[in-house]
Amino acid sequence: MSNKILMDSDSIGRSITRLSYEILEKNSNSQDIVLIGIHNRGVPLAARIQNKICDISGVSLNQGSLDITFHRDDYRERLVIPQVKGTDISFSLDGKTVILVDDVLYTGRTIRAAMDELNSFGRSAKVQLAVLVDRGHRELPIKADYVGKNIPTHEGEHVNVTLTETDELDSVYLIRSVG
Amino acid sequence: MLQQRHLLGLEGYPREDIQTIIDTGFKFREVLDRPIKKVPSLQGVTIVNLFFENSTRTRISFELAQKRLSADTVNFSASSSSLKKGESFKDTAQNIEAMKIDAVVMRHPTPGAPKHLTEFIDAVIINAGDGTHEHPTQAILDMMSLHEKFGKLKGLKVGIIGDISHSRVALSNIHGLLIMGADVTLCGPPNLIPPFIKDLGVNINYNVDEVIEWADALNILRIQRERMGLGLVPSVREYRAMFGITQERLESHQKEIVIMHPGPMNRGVEIDGTVADGDQAIILDQVLNGVASRMAILYLLCGGKTNEEDES
Amino acid sequence: MKIEKMAKNLILKNGTIMDPFHGKTIAGDIWLKDGKIAGVGKVDEPKNSLTIDCSGKVITHGFCDIHVHFREPGREDKETLISGSHSAMAGGFTRVCVMPNTNPPLDTPESINFIREKAEESPIYIHPIGAVTKSQNGNDLTEMGLMHNEGAVAFSDDGLPIQNGAMMRIALEYATMMDVPVINHAEDECLRAEGVMHEGKISTQLGLPGNPDLAESAMVYRDLELAQFTGARLHIPHVSSMKAVHHIREMKSKNEKVTAEVTPHHLFFNDESLTSYNTNLKVAPPIRTESDRKALIEAVKDGTIDCIATDHAPHTIEDKETTFDLASFGMIGLESCFGAVNKILVYDEGLDLGNVLKLLTSNPRAVMGFEQDLFSQGTEAEITILDPDVEWIFEKVHVQSRSINSPYYGEIFKGKVEFTISRGLITTQLS
């Protein structure tokens with residue numbers, strides 16, 4: 001196995017800043033925006049975006065988190081025990097612009113499950129997707145609105161994200177399994 | 001994921017698995033707080049509620065749990081069944097299974113009936129109460145409720161009060177609580193506490209006031225009025241005087257204690273209405289946890305075949 | 001018999017003071033002040049005290065009979081709590097336990113309370129025993145907890161056996177909560193059948209239906225096993241047979257919660273006395289053979305039997321003055337008790353008087369959990385003064401009960417109660 005670092009703390013920080021500006025640019029009424037982070041690492045990413053948006057515009061957006069375990073589409077094949085922190089959305093989503101936040105976009109199944117779960121909390125006006133990394137290989141017609149970095153990958157490669165909130169340092173790195 | 005395929009009882013049940021069920025149950029509590037209380041996890045799963053004994057509360061609790069998981073449910077009750085036409089238990093069970101079902105939730109008046117069922121059908125079997133033997137899902141929701149209140153079960157002091165000898169709720173609670181490291185004291189009329197139950201590792205004390213002093217929580221069992229006519233319990237007023245958790249009795253102790261009851265309650269007999277409705281009682285939380293924990297049990301037993309790493 | 005209020009300061013002078021609780025005998029005086037023990041042995045006699053000369057007499061604890069039938073409520077014509085009290089005091093008894101087979105029976109907390117309140121008027125201490133089953137029907141447990149709270153000291157369906165073993169088990173289990181004894185009249189109804197006397201050679205000769213000893217011993221054995229199984233207190237009443245004694249002896253070695261009593265008549269008579277067809281000898285359980293009588297005496301000697309209890313059972317003349325088969329079971333026994341047992345146990349069998357007094361005083365109190373240390377300073381005086389040696393003949397004039405159904409008239413007794421002190425009162429049997 002070999003690892004290659006693709007983003008460090010600074011580059012991640014710059015992506016967060018750019019994503020935050022893009023979100024504000026695309027949505028005229030910032031009061032209706034809510035950020036929903038997808039467990040695990042989507043949650044601290046959503047928090048960073050929320051802070052940055054607050055720095056830029058002075059608006060403090062509502063934030064929630066999603067644990068998509070119960071909405072997975074592979075429940076007949078695999079049994080997954082839900083995360084410790086669980087889903088926490090304490091406000092209605094009716095009429096809101098929901099920005100889903102995740103670290104890596106891959107097959108798109110997690111996002112589909114997240115959108116399915118969002119339905120249980122009201123009927124949002126719009127749902128947009130912000131990811132730190134898009135590594136391609138979609139299995140469903142899902143597209144991110146805001147992307148930190150596009151990282152095309154081959155079979156046998158993985159993209160991992162670490163953040164100081166959950167791990168020791170900020171990084172994005174590629175794992176290539178050798179022969 | 002859970003080490004045992006069925007949930008027949010809590011005797012010998014792995015401690016980690018009880019903890020897993022409780023933790024998962026708390027996740028499902030959150031689902032029950034959503035505007036739309038539904039997850040698709042058991043879509044396409046067919047569950048039969050096979051109730052040979054009357055029950056409204058347990059069956060409704062299971063049905064709600066099943067529906068909230070998007071499973072398909074079928075209800076079978078003994079009174080309206082082919083059993084009346086003389087069909088054997090085995091035939092009934094196998095006929096139902098032939099219609100391709102995934103799980104059976106069974107309540108039966110005879111101890112051991114669910115175990116018996118595992119011998120001729122293939123589906124996952126969950127015991128919703130087999131006679132005077134076990135009622136594992138009740139004990140799990142009781143433990144989940146205690147866990148919610150105290151943050152832990154280990155070292156907790158729980159008093160179980162009432163007709164122990166005819167209570168599957170008591171037996172399952174005893175197994176579960178001892179496995180999770182709690183301390184249990186039984187209290188009730190001596191002729192309604194089986195003499196050999198001490199061998200399970202519980203304390204016995206016939207003085208309810210001493211038990212109240214000792215315990216962190218009390219689980220109060222219903223005293224069945226049918227027992228009164230059989231010479232086993234002399235009268236309602238005698239039971240109430242000796243064992244009733246009355247307002248006066250609780251007040252005389254001036255202590256924080258959690259009050260539980262599996263329901264249905266005989267207000268004014270084993271428990272006063274004001275106690276049941278009071279601040280120390282968590283009876284309605286038990287009911288809510290009943291749905292959540294049954295969702296967890298169904299999810300963990302019926303969901304998926306393997307346990308693999310998560311991939312986004 | 002006169003009952004008078006005790007003098008403020010009463011001195012019992014120059015007696016042989018026998019304390020059955022401490023097992024000690026001393027010569028001396030007892031000073032009673034305001035009805036309480038103020039001094040024992042050498043006392044500072046206050047001025048203006050009344051003295052009773054007790055030279056040649058024994059001063060001991062008041063007797064306690066844990067098995068009597070005072071027929072109130074229901075058959076006050078046979079006996080009331082007050083007339084029974086007089087009968088008791090005449091016999092030297094200061095404390096009794098009354099059986100619940102009254103009419104209505106003592107099977108509710110309200111009826112226990114009735115006895116307790118009425119007993120306030122009595123010169124002696126009367127404790128109610130509660131019934132085990134409602135109306136003594138053998139099926140429905142009484143409200144033992146509430147009855148105990150009202151003052152029931154034990155539970156029994158006496159008069160009737162608890163025939164159903166499951167019911168006896170439940171009764172024993174339930175009673176463990178209150179730690180009081182269950183007292184079962186052990187006679188298997190089926191085996192006893194129509195029996196009116198002991199089944200043996202004599203009953204065969206007399207042509208009377210017999211009641212075999214195993215009707216008692218089989219049930220006693222069952223009760224002993226149940227007591228062991230449940231850990232409850234079991235007290236076996238009026239043991240009458242050698243076989244029952246054998247079972248009790250064996251079980252007692254493993255179980256200290258088992259106690260047993262014997263009546264004076266089972267020590268005094270054997271079934272040969274019944275050749276007279278005297279209905280006053282018709283008792284339940286019956287008077288048995290000489291071997292049984294000897295076995296009972298042996299059991300008293302070795303401690304298998306804990307105490308003496310009279311089973312005082314008053315009946316009207318009409319109930320007894322009829323053919324043997326129709327006569328009621330039972331005899332009065334309070335007035336005749338000491339004279340009879342003293343003669344048999346001390347004079348005939350050579351037992352120590354001190355031991356016999358224990359059987360009448362501290363041992364029965366121990367069974368019921370009553371205070372036993374009656375000579376301690378400040379205790380309410382319960383005292384019996386007796387002449388241990390006088391020979392006398394028992395006659396109707398000695399009877400204080402409302403009923404007179406006794407077989408002892410004309411019998412020669414040894415030892416007599418002369419004074420009984422209880423609840424601030426003193427009676428004298430001296431004419």
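The values are calculated or read from the model by the stated rules, or taken from the named source; none is laboratory data. Bear in mind the structure is a predicted one, so any value in this text is a computation, not a measurement. Glycine also receives a Cβ, built like all others from the backbone with ideal geometry; neighbour counts cover every protein chain displayed.
Of the residues C:Asp223, C:Asp213, C:Asp157, which is under 21 Å from C:Ser135 (Cβ atoms), of a type in the set (Asp, Glu) and modelled with pLDDT of 95 or more?
Criteria check complete, one pass: C:Asp157.
Which one of the conditions (1) buried (at least 17 other Cβ atoms within 10 Å of the Cβ); (2) away from every other protein chain (no Cβ under 12 Å) does B:Arg68 fail to meet, given that it meets all the rest?
Every condition holds for B:Arg68 apart from (2).
Only one of A:Glu77, A:Glu117 is closer than 30 Å to B:Leu300 by Cβ and at the interface with another protein chain (Cβ under 7 Å from one of its Cβ atoms). Can you tell me which?
A:Glu77
For segment B:143-157, name all the residues that are part of a loop (DSSP other than H, G, I, E, B) and crowded, with 18+ Cβ neighbours inside 10 Å.
B:Leu153, B:Leu156 - these are the residues of segment B:143-157 that are part of a loop (DSSP other than H, G, I, E, B) and crowded, with 18+ Cβ neighbours inside 10 Å.
With in the same structural domain as B:Ala281 (by TED's automatic domain parsing), in a loop (DSSP other than H, G, I, E, B) and more than 24 Å from C:Gly138 (Cβ to Cβ) as the only criterion, which of B:Ile164, B:Ile223, B:Ile160 stands out?
B:Ile164
Given B:Ile22, B:Ile47, which one is within 13 Å of chain A (Cβ to nearest Cβ) and of a type in the set (Val, Ile, Thr)?
B:Ile22
One line per residue, one yes/no per condition, for (1) away from chain B (no Cβ under 11 Å); (2) touching a residue at least 60 places away in the same chain (Cβ under 8 Å); (3) closer than 19 Å to C:Ala232 by Cα; (4) not in a helix (DSSP H, G or I):
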residue	(1), (2), (3), (4)
C:Lys118	yes, no, no, no
C:His127	yes, yes, no, yes
C:Leu146	no, no, yes, no
C:Val153	yes, yes, yes, yes
C:Leu160	yes, no, no, yes
C:Gln163	yes, no, yes, yes
C:Met167	no, no, yes, no
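For C:Ile183, all conditions in the list (1) farther than 18 Å from B:Val233 by Cα; (2) touching a His at 6+ places or on another chain (Cβ under 9 Å); (3) aliphatic (A, V, I, L, M); (4) within 14 Å of chain B (Cβ to nearest Cβ) hold save one; what is the number of the exception?
Among (1) farther than 18 Å from B:Val233 by Cα; (2) touching a His at 6+ places or on another chain (Cβ under 9 Å); (3) aliphatic (A, V, I, L, M); (4) within 14 Å of chain B (Cβ to nearest Cβ), the lone unmet condition for C:Ile183 is (4).
With in the same structural domain as B:Ile174 (by TED's automatic domain parsing) and buried (at least 18 other Cβ atoms within 10 Å of the Cβ) as the only criterion, which of B:Ile126, B:Ile140 stands out?
B:Ile140
With the checklist (1) within 30 Å of C:Asp107 (Cβ to Cβ); (2) surrounded by fewer than 19 Cβ atoms within 10 Å (Cβ to Cβ); (3) among the small types (Gly, Ala, Ser) in hand, flag the one item C:Gly56 doesn't pass.
Looking at each condition in turn, C:Gly56 falls short on (1).
So for segment B:111-128 (the condition being away from chain C (no Cβ under 14 Å) and under 29 Å from B:Glu238 (Cα atoms)), does at least one residue qualify?
no
Restricting segment A:95-114 to residues that are charged (D, E, K, R) and more than 9 Å from chain B (Cβ to nearest Cβ), which is surrounded by the fewest Cβ atoms within 10 Å (Cβ to Cβ)?
Per the criteria, the residue is A:Arg112.
Kindly provide the set of residues from segment B:114-123 that are surrounded by fewer than 23 Cβ atoms within 10 Å (Cβ to Cβ) and either under 23 Å from B:Arg222 (Cβ atoms) or small (Gly, Ala, Ser) (or both), ordered by number.
B:Ala123
Please work out if C:Thr428 is surrounded by fewer than 20 Cβ atoms within 10 Å (Cβ to Cβ) and farther than 27 Å from C:Glu256 by Cα.
When the stated conditions are applied, C:Thr428 passes them.
Conditions: (1) charged (D, E, K, R); (2) out of contact with any strand residue (DSSP E or B) (no Cβ under 6 Å at 6 or more places or on another chain); (3) farther than 24 Å from C:Ala88 by Cα. C:Glu45 meets all but one. Number of the miss?
Here C:Glu45 meets the rest and fails (2).
Select from segment A:80-94 the residues that are at the interface with chain B (Cβ under 7 Å from one of its Cβ atoms) and either free of Cβ contacts under 8 Å to residues at least 12 places away in the same chain or surrounded by 24 or more Cβ atoms within 10 Å (Cβ to Cβ) (or both) and list them in ascending order.
A:Val80, A:Thr87
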